[in-house]
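> Questions regarding the structure given below will be posed in turn.
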Amino acid sequence: MDALSSQGACAGYQCGLIAAARCTKFFPMLTTAAGTIRPARVLVIGAGVAGLQAIATCKRLGAMVEAYDVRSAAREQIESLGAKFVDTGVAADGVGGYARELTAEEKAAQTEKLAKAVALSDVVITTAAIPGKKAPIIITTDMIGRMKYGAIIVDMAAESGGNCALTQPGEHVIANDVNIHGPLNLPSRMPTHASELYAKNLYNFLSPWIKDGELNFDWSDDVVAGTLLCKDGTTVHPTVKQVMGEA
């Protein structure tokens, strides 16, 4: 039923391809008559469905991949894909498997440890998002200033403000000789599978409530109650009510 996961898989895959296409280096190690070429170093920040798909895609293309996520459970998932986990000592496991917002002290510790990994990378892919809130700034202006000439940041969180301080949603900008790409609506770049996956999400969501050809919801069911926005002309979803100032 989880459309966020299915579309995240599409988006993460596209981020890996965008990074490879715009990187100034080969992703895989190559041995040529002119010498051996070392593989590109990729850092993926955020290891949800999108981040894991980005890791897997970059690994398939031959890059050296490191990854980071504030959720402690992500370490095993990252390493299972053959990537190296960047340990900052900060864990922020939230409700429902998502990350919670970090405190100011946690953000400072995270920034200090991540800065070194970012500086060594040829490619940084950021996928960190907090449901219902602006994306956290993870790549600061100072970090960008320490990155390699020609390095690229692909900011998948551009639609919700971006994980990079200088991201311009929908634009490709250059700052301190670093390329910063802020793509929008990534699943639309692969409409066939994105549509098939989303259609299956909707089918799995609706089919349990279709009986004898009629749609009949059980309003007390956790899935229905958790996704219900309005009922009988009234806003009932707690997060939506809060955003609209009705809570």
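The values are calculated or read from the model by the stated rules, or taken from the named source; none is laboratory data. Predicted, not measured: the structure shown is a model, and the values here were computed from it. Heads up, the Cβs are rebuilt from the backbone with ideal geometry, glycines too, and the neighbour counts pull from every protein chain shown.
> Go through the range 132-158 and give me each residue that's at pLDDT below 95 and within 11 Å of the chain's Cα centre (by Cα).
ALA135
> Let me ask something else about it. One residue is enough: does the range 124-134 have a residue meeting the conditions assigned to a helix (DSSP H, G or I), over 19 Å from ALA67 (Cβ atoms) and of a type outside the set (Asp, Glu)?
No: the range 124-134 contains no residue that is assigned to a helix (DSSP H, G or I), over 19 Å from ALA67 (Cβ atoms) and of a type outside the set (Asp, Glu).
> So if I check each of GLY62, GLY89, GLY51, which one is more than 17 Å from the chain's Cα centre (by Cα) and modelled with pLDDT of 95 or more?
GLY62
> Return the pair list, or none, for Cβ contacts closer than 6 Å from residues in the range 162-177 that are in the same structural domain as ILE139 (by TED's automatic domain parsing) and closer than 16 Å to ASP122 by Cβ to residues that are assigned to a loop (DSSP other than H, G, I, E, B) and not aliphatic (A, V, I, L, M), at least 6 apart or on different chains.
ASP177/TYR149
> Please identify the pairs in which a residue from the range 13-28 that is over 11 Å from VAL154 (Cα atoms) has its Cβ atom under 8 Å from the Cβ atom of a residue that is in a helix (DSSP H, G or I) and modelled with pLDDT of 95 or more, counting only partners at least 6 apart or on another chain.
Listed by first residue and then by second, the contacts come to TYR13/GLN53; TYR13/ALA54; TYR13/THR57; PHE27/ALA20; PHE27/CYS58.
> Exactly one of these conditions fails for ASP218: (1) outside any helix (DSSP H, G or I); (2) among the acidic types (Asp, Glu); (3) under 24 Å from PRO136 (Cα atoms). Give me its number.
Failed condition: (3).
> So, one more: Somewhere in the range 226-236, is a residue surrounded by 12 or more Cβ atoms within 10 Å (Cβ to Cβ), closer than 19 Å to LEU4 by Cα, small (Gly, Ala, Ser) and out of contact with any Phe, Trp or Tyr (no Cβ under 6 Å at 6 or more places or on another chain)?
Scanning the range 226-236, I find no residue that is surrounded by 12 or more Cβ atoms within 10 Å (Cβ to Cβ), closer than 19 Å to LEU4 by Cα, small (Gly, Ala, Ser) and out of contact with any Phe, Trp or Tyr (no Cβ under 6 Å at 6 or more places or on another chain), so the answer is no.
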